[in-house]
Amino acid sequence: MKVKVYVDKGEISKNLDVKSIKEIISKLDLNEEEFIIVKNGELVSSDVEIKDKDELKFLSVTSAG
Amino acid sequence: MCKRCKTKPVIKLPNSGISLCKSCFLKYFERKVRKAIRVYEMFKKGDTIGVALSGGKDSMSLLHILNSIVKPQRKTKLIAILIDEGIKGYRNHTKKIAEKYCKENDIEFHVFSFEKELGYSLDKIVKKFNLIPCSMCGVFRRSLLNKCARKLKVTRLATGHNLDDESQSILMNQFRNNVSMSARLGPVTGVKDDKKFVRRIKPFYFLTEKETMTYAYLNGLASEFNECPYVRGSFRHEVRAMLNKFDGKYPATKYSIIKSFLEVLPLLKKNYKKLAIKSCKSCKEPCSQDICQTCEYVKMLK
């Protein structure tokens, strides 16, 4: 299936061919500790299922204030 | 599925690997904050708590949860203090968020700036001296926060430091052979009580950065989260990246660092108790040397 992926504010891929969120994390070499995941506007954990044309945003949790 | 109620999960907890839904996560988060406050006696009725507010996710979440805890206690007061370092394109943005929240929630909001209090904004310092300013900024912020909190008659200063921040600080002090600095860490900081030093409390001490971000996101506390433009390239930034990588491979590493540190912290505090809090000969603020680090840096900038 193909999904649209954003990491923070940047669009990484419109058509990433993956089967799960875990696979996206692995393909993009992200550290799960450092992101929260928003699927189609809803916060989700990394083990939820995804389907074709889903939009996934990985928002960085690190900040320095 | 959420381990407790079998609905849609919003997070897999970093330390335990347990998945929780929105409602169960918010309960879990609040319970952990309340427990830290209770176990470490972070404040009592009648205290004036100053929240060191930056407008970022940690301090906004802290103000939000402390407001819900303190509001029913009529005798305890909550105020917000923001230190404006003068970082164009960053602090102005977060300051607006902080100000708006305080106004909407009827919380006293005070701003103190580097420019006014020290004579230099951080942008000016970086431009003039071409340095990575994180250490200097940290010293200035800590000292200004203490001074301004005292002015406002604050009895406890609450900061949004979380488990990630603390585990990084512990390692940074180890790597730099600064063990005496670690004696000043912990859920309630300060080796001893001092009239001039406002003790600091860290209600998020046992919560990870990911959990704090999740809480902030679920409460709509900020739509986007900016990172200070100077943080990249700092020593902390490198330690953070290393620790996160390690924690990804060996879960709960950061938690273990904190837990083992808390075992030795009483010994560290006892060992460094004899180092009395002195008064800086130049500005009279509390410090451990004859001249405080803030005055040393200001001298260097002149």
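The values are calculated or read from the model by the stated rules, or taken from the named source; none is laboratory data. Model, not experiment: these values are computed from the prediction. Note that we place each Cβ from the backbone using ideal geometry, even for glycine, and neighbour counts take in every protein chain shown. Surface accessibility is based on the protein's heavy atoms, side chains included, excluding ligands, DNA and RNA. Shrake-Rupley method; radii C 1.70, N 1.55, O 1.52, S 1.80 Å.
Quick notes
- Of all accessible heavy-atom area on the protein assembly as shown, the percent that carbon and sulfur account for (1.4 Å): 52
- Chain B - mean residue ellipticity at 222 nm from DSSP helices (-39,500 (n - 2.57) per run, n ≥ 4, rounded to 500): -15500 deg cm²/dmol
- Considering the range B:152-302, its Cα convex hull presents a mean projected area of 11.4 nm².
- Chain A packed on chain B takes about 2200 Å² of accessible surface away from a 1.4 Å probe, both sides summed.
- Applying a DSSP loop filter and a limit of 12 other Cβ atoms within 10 Å to the GluC sites (Glu not before Pro) in the range B:9-110 leaves B:Glu41.
- Distribution of pairwise C-alpha distances over the range B:1-102, 10 Å bins, in %: 13, 34, 30, 21, 1
- Entries of B:Lys8/B:Lys254; B:Lys103/B:Lys147; B:Lys44/B:Lys273; B:Lys12/B:Lys32; B:Lys151/B:Lys270 with Cα pairs more than 19 Å apart: B:Lys8/B:Lys254; B:Lys103/B:Lys147; B:Lys44/B:Lys273; B:Lys151/B:Lys270
- All C-alpha pair distances within the range B:89-231, sorted into 5 Å bins from zero, spread as 2, 7, 13, 19, 21, 21, 13, 4, 0, 0 percent across the bins.
- Between amide H atoms placed 1.01 Å from N, distances below 5 Å from A:Val18 occur with A:Val3, all of them 5 or more places distant or on a separate chain.
- Here the gap between B:Glu227 and B:Asp290, fully extended at 0.36 nm per residue and compared with their Cα-Cα distance, gives a gain of 19.2 nm.
- The ellipsoid that matches the Cα gyration tensor of the range B:102-161 has semi-axes, each √(5λ) in whole angstrom, of 26, 13, 12, with the longest given first.
- Rg(Cα)/(2.2 N^0.38 Å) for the range B:46-170, N = residue count: 1.08
- Over 20 Å between alpha carbons, listed pairs A:Lys51/B:Lys57; B:Lys202/B:Lys259; B:Lys35/B:Lys269; B:Lys3/B:Lys259: A:Lys51/B:Lys57; B:Lys35/B:Lys269; B:Lys3/B:Lys259
- Between amide H atoms placed 1.01 Å from N, distances below 5 Å from B:Glu285 occur with B:Cys280, all of them 5 or more places distant or on a separate chain.
- Bridge type composition, chain B - antiparallel percent by DSSP, nearest 5: 30
- If you wrap the Cα atoms of the protein assembly as shown in a convex hull and average its projected area over all directions, you get 18.7 nm².
- Both radii are taken from the alpha-carbon atoms of the range B:1-54; with Rh as the Kirkwood radius, Rg/Rh is 1.14.
- Across the range B:237-299 the C-alpha pair distances fall into 10 Å bins from zero in the proportions 19, 24, 25, 27, 5 percent.
- Working from label points 7 Å from Cα in the Cα-to-Cβ sense, the B:Val179 to B:Ser260 distance is 1.5 nm.
- Listed peptides B:178-185, B:8-15, A:49-56 appear in the order B:8-15, B:178-185, A:49-56 once ranked by packing, highest mean of other Cβ atoms within 10 Å at the front.
- Inter-chain Cβ neighbour count for B:89-95, averaged per residue, equals 1 (cutoff 10 Å, partner chain atoms only).
- Chain B: proportion of alpha-carbon pairs further apart than 30 angstrom, %: 32
- Of every Cα-Cα pair in the range A:14-58, the percent that sits beyond 12 Å: 58
- Take each residue of peptide A:42-53, count the partner chain Cβ atoms within 10 Å of its Cβ, and average: the result is 4.
- Remark: mean inter-chain Cβ contacts per residue of B:209-218 equal 4, using a 10 Å Cβ-Cβ cutoff to other protein chain atoms.
- Solvent-accessible surface of chain B, averaged per residue with a 1.4 angstrom probe and all protein chains in place: 51 square angstrom.
- For the range B:55-116, the ratio of Cα radius of gyration to the globular rule of thumb 2.2 N^0.38 Å stands at 1.17.
- For the range B:144-191, the convex hull drawn through the C-alpha positions has a volume of 85 cubic angstrom per residue.
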